[in-house]
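The values are calculated or read from the model by the stated rules, or taken from the named source; none is laboratory data. Note that this is a predicted model, so its numbers are computed, not measured. Positions of Cβ are backbone-derived with ideal geometry, glycine not excepted, and every protein chain shown enters the neighbour counts. Heavy atoms of the whole protein, side chains included, go into the accessibility calculation; ligands, DNA and RNA do not. Shrake-Rupley method; radii C 1.70, N 1.55, O 1.52, S 1.80 Å.
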Amino acid sequence: MTSALVIWIKPDKRSVSNIDWSAHSSLQHLHVATPVCAPPPTVRIIHPRQPCNLQEERYTERVFTIREGATLELQCLVTGHPRPQVRWTKTVGGASERQADNGLGSPAIHSIRVDVYYLDDPVIWVHQSVGEMKEQFYSERTVFLRCASNGNPPVRYTWRRGREVLSQGSDAGVEIYEPFFTQGETKILKLKNLRPQDYAEYTCISSVRNICGIGDKSAHFSLTNLTAPPSIKLLLEDPMVVNPGETITLVCVASGGDPRPTLTWVRPGGEDLPRRSVVNGGTLTIPAVTVEEGGAYTCLASNHVGSPVKKSVSCVRRSLRKGRFWITPDPYHNDDNIQIGREVKISCQVEATPPEELQFIWLKNGRPLRSSERMVITHTDTNVSPGTTNLDIIDLKFTDFGTYTCVASLANGGSPEISIDVNISSTTVPPELTVPRGRSHLIAQEGDTVDLQCLVSGKPKPIILWSRVEESSAVAAVAPLTMPDGSAEMESYDGVLRISNVTRDMSGTYRCQTSQYNGFNVKPREALIHLVVQFPPVVEPTFTEVRQALGRAFSLTCRLLQAHPARLLRYEWKLGSRLLTVGQFSHQRDDTTYLVKALNREGYGEYTCDITNEVGAGRCTYLVTGKAYAPEFYYDARSALWQNRPRAYGFKLQWTQMEPGAVDRILAYRLGFRQVSLDNTEGSIQKGELLTYNLTELIKPESYLVRLTPITRFGEGDTTERIISYSTPVNPHLKEFQCGFEEEAICLFSQDKADEFDWTRHSAATRNTKYTPNTGPSSDHNGSKQGYYMYIETSRPRQDGDKARLLTPTFNSNAKSSASLSNSPTYCFSFYYHMYGKHIGALNVFLRQKGPTVTDTSVWSLSGNQGDQWLQAKVNIQPTTAFQMLIEGVRGAGIEGDIAIDDVAIQEGECTHPPSNSEPARP
């Protein structure tokens, strides 16, 4: 297999904005290393913040315990290539699960269960029992003190009487027990046959044993011979009736109870009090009360003795609304018309609050009308139905024609009266309703404006009600049809229902009918109009990219989802502007397929399938291409290669090819803009193969933006970009080594597996100092809160004397064959440290040499609080063989003992002005 690499590179001083592209002249002959398999995904969860407790349970589940109100921070460390996609999920029971998947092997899954510890304030409730029979000879007075508190882990309770701790069996008159139905949340203290010494101050202490630093909580109750449950009374009338705009004041007072009860106002069902209301103890004031603010209000009294008591009052705001009328012709004759000599009834209806204050008067042509033998005025019972008044005109005469007015008002005023005029004359006729010719079946196209019209006549002219008709009971059971505005019914005064921007969902049957109010009380007249909304075919897929190799067969399928009209549907396949095939849908098919038996170069391009009806067309589009998918850079590789050059560095560029088998074989890669011949060893690239190329002669400390593009016989594929940034590499021959811990790889430092805990990489910008604010650095050595450093976290569960050890990479000494110190080169090992806090332990440095046996030699040590500042330490070392530097942090006597290090360096030659252990260098 042959391949090629080309490069685009532009140095730009660690910045990649405003790049001017140019070639890098030294990259003429490139070589791709032998491919290896890219690693499948791995995942693990870490927690930068120290938990209250971390334990392993069965099935290796990790339990992370945290206190309520603290910040939970879990980080997922993922490896593998291509870079896995990560997803967090939360399962029942509190486990947080993180899953990583990159398409190679099985997804990597890791979980941790989070347990939140908390303790609520305890509450004491007192219940008195009088008249409890015992052997039917005497009654004893018993008092129960019940203490309840929610907590995790389960709460433990302690009772005290004064300073005396009560326990089961310590007092014959006391029993302490826990009801089985409370699941550990309640502890009851039973005082039997109450005695004078039982009148005392009682304290219930709830505890979770100081786990997570959660302290004990307590509640108090003073039991006296006056202790009694609450009683209350309301200083107002029920119901309270007010006029619009008035302010209401509800007063509730405690008439008994010891301790003094607490009074609160609530509304039934948990509804909030009015936003403008003011509560002052047992007084509730609502200014300018509205209709919505009327209803029941409840005064609730509680003193933790017995059960809370409550009393309610109703607030009623006077109002009149919804005035309507209807005319009923003579019910004893089968005729809807009003005729002389027959009976006619005029009815008026008004909704009133309160209904018992509603009153009506009748006027004829503006003059008061009294009930008589021919003019009978009646009123319905307002407690049964909305207030209605009827005027029965018996044996209608010509002189009875005129305007009749019913006037509704409230007996105590407070709301404007409502007047309703009804005209009775020889021209008063019942309604008629028809649909104009040719308008009972309408066809519209989606997006049009449609007018549905019903012609209505009659005097008085009634209101028209519009609704939709369910076409089947099955549809009605699922979702009732609604009108265009979302309501079940719409009113129209001119008989026209206008639907703007009509949609396919508005298709169906509409009913227009005369209303039974503001007109004749006769059987409603109605008519139906059927609306059909046409729309072009809806198809899938609307757009799909198909990547295909030459010579292969493939098919394209366009599927019809819906269309109206659905008859005479045609399809048309094209490649670009070239017609491929046409046809017509049969009743049995809802898709059409175009088959390409062997793809050639002319077959690449945009294929379209148009499915059409008389309204329009729906289009499926397919872009058939031979472009290779994008390569994926391997970001888990080391960031830099060592070059023994003062101003140059190298970079190992690694990548895998996404879906290499989908298109023709990858012939070459373009890295930049200039193509150079490259041998690609054996056949096609396999999915997951890790390809490597070493970039050299890159200039320190500049950054590069590179582009990598696969090339097939079709041409260039998708391009991938990444930024290459310089960072201090590991020098296997050790001329100079520097590390500021800015990169996640931390310069290949490693944690000693034999220590009790690990060093942590962090920055002051993200570190939480909530629990230990008086320790640790507020920035890195350079004063940046975004800069990183390494530190030891000494909070729980760390103990006095625990050690964290950090190892540098292994370096090869330039020592000659002789092992004598005189022939060994000297190196200067330096670092900055921060040791601030009253519990600072010790910071030790060892030289670890790897000869026939591994030896650790102490070269520097310091302990105790050194103040809130960064200091520098320098020490000369003379290794005789391969070596590492070991930095050991030792935990002190308390949690305020965080030790941090930054900017570690090793340089050939002796230190300049090295400080002593007791006099560290100042930064």
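Selection of the stretch 239-260 for residues being part of a loop (DSSP other than H, G, I, E, B) and either among the charged types (D, E, K, R) or within 11 Å of V289 (Cβ to Cβ) (or both) yields N243, P244, G245, E246, T247, R260. Close Cβ contacts (under 7 Å, 6 or more residues apart or on different chains) running from residues in the stretch 610-634 that are within 16 Å of G576 (Cα to Cα) to residues that are β-branched (V, I, T) and open to solvent by 20 Å² or more (accessible area, probe 1.4 Å) comprise C620/T542; T621/T542; Y622/T544; Y622/V546; L623/V546; V624/V546.
Restricted to the stretch 377-428, and to residues that are open to solvent by less than 20 Å² (accessible area, probe 1.4 Å) and within 20 Å of R318 (Cα to Cα), which residue is modelled with the lowest pLDDT? Filtering the stretch 377-428 for residues that are open to solvent by less than 20 Å² (accessible area, probe 1.4 Å) and within 20 Å of R318 (Cα to Cα), the one modelled with the lowest pLDDT comes out as G387. Return yes or no: is T692 hydroxyl-bearing (S, T, Y), outside any loop (DSSP other than H, G, I, E, B) and modelled with pLDDT under 80? Judged against the criteria, T692 is a match.
Do we have Q686 as part of a loop (DSSP other than H, G, I, E, B), at pLDDT below 85 and open to solvent by 30 Å² or more (accessible area, probe 1.4 Å) here?
Values: part of a loop (DSSP other than H, G, I, E, B): yes; at pLDDT below 85: yes; open to solvent by 30 Å² or more (accessible area, probe 1.4 Å): yes.
When the stated conditions are applied, Q686 passes them.
Just one of the numbered conditions (1) in a strand (DSSP E or B); (2) touching a Leu at 6+ places or on another chain (Cβ under 9 Å) is not true of L236: (1).
With respect to R267, determine if the residue is closer than 26 Å to P229 by Cα and of a type in the set (D, E, K, R). First the steps, then the outcome.
Numbers: closer than 26 Å to P229 by Cα: yes; of a type in the set (D, E, K, R): yes.
Criteria met by R267.
Each residue in the stretch 577-593 was checked for being open to solvent by less than 50 Å² (accessible area, probe 1.4 Å) and either touching a helix residue (DSSP H, G or I) at 6+ places or on another chain (Cβ under 6 Å) or not hydrophobic (A, V, I, L, M, F, W, C) (or both), and 4 pass.
In the stretch 544-571, the residues that are under 11 Å from V596 (Cβ atoms) form Cβ pairs under 6 Å with partners that are of a type in the set (D, E, K, R) and open to solvent by 70 Å² or more (accessible area, probe 1.4 Å), at six or more places apart or across chains, as follows: A553/K597. Of the strands (runs of 3 or more DSSP E) that lie entirely inside the stretch 29-147, those containing 2 or more residues that are open to solvent by 70 Å² or more (accessible area, probe 1.4 Å), over 30 Å from A228 (Cα atoms) and at pLDDT below 70 span 33-37, 53-56. Can you say whether K345 is open to solvent by 50 Å² or more (accessible area, probe 1.4 Å), at pLDDT below 90 and of a type outside the set (D, E), as far as the supplied structure shows? In short, no.
Scanning the stretch 173-192 for residues that are modelled with pLDDT under 85 and part of a loop (DSSP other than H, G, I, E, B) yields a total of 5. Kindly indicate the residue of the stretch 548-559 that is open to solvent by 30 Å² or more (accessible area, probe 1.4 Å) and within 39 Å of the chain's Cα centre (by Cα) and also nearest to L623 (Cα to Cα) among those meeting that condition. Going through the qualifying residues, I end up with T557. If you go through the stretch 403-435 and keep only what is of a type in the set (D, E) and closer than 19 Å to V376 by Cα, you end up with just D421. Meeting the requirement of 3 or more residues that are among the hydroxyl-bearing types (S, T, Y), the strands (runs of 3 or more DSSP E) wholly within the stretch 276-376 are 295-302.
Do we find that F554 is within 30 Å of E343 (Cβ to Cβ) and out of contact with any His (no Cβ under 8 Å at 6 or more places or on another chain) in this structure? I'd like the intermediate steps shown before the answer.
On the way: within 30 Å of E343 (Cβ to Cβ): no; out of contact with any His (no Cβ under 8 Å at 6 or more places or on another chain): yes.
So F554 does not fit the description; no.
Would you confirm, using the coordinates I've provided, whether Y510 is over 30 Å from K397 (Cβ atoms), touching a residue at least 12 places away in the same chain (Cβ under 8 Å), of a type in the set (S, T, Y) and open to solvent by 50 Å² or more (accessible area, probe 1.4 Å)? No; evaluated as a whole, the condition is false for this residue. With respect to G295, is the statement that it is assigned by the TED database to the domain that holds L235, farther than 15 Å from I248 by Cβ and out of contact with any Pro (no Cβ under 7 Å at 6 or more places or on another chain) true? Taking the combined requirement at face value, the residue does not satisfy it. Within the stretch 881-923, being of a type in the set (K, R) and at pLDDT 85 or above holds for one residue alone: R891.
Checking the condition in contact (Cβ under 8 Å) with a residue 60 or more places away in the chain and over 30 Å from P239 (Cβ atoms), which residue from N337, N365 passes?
Working: N365 fails: in contact (Cβ under 8 Å) with a residue 60 or more places away in the chain.
Going through N337, N365 in turn, just one is in contact (Cβ under 8 Å) with a residue 60 or more places away in the chain and over 30 Å from P239 (Cβ atoms): N337.
Within the stretch 203-218, the residues that satisfy the criterion of being buried (at least 18 other Cβ atoms within 10 Å of the Cβ) and polar (S, T, N, Q) are T203, S206, S207. For R525, the criteria (1) within 42 Å of the chain's Cα centre (by Cα); (2) among the charged types (D, E, K, R); (3) under 18 Å from L433 (Cβ atoms) hold in every case but one, which is (1).
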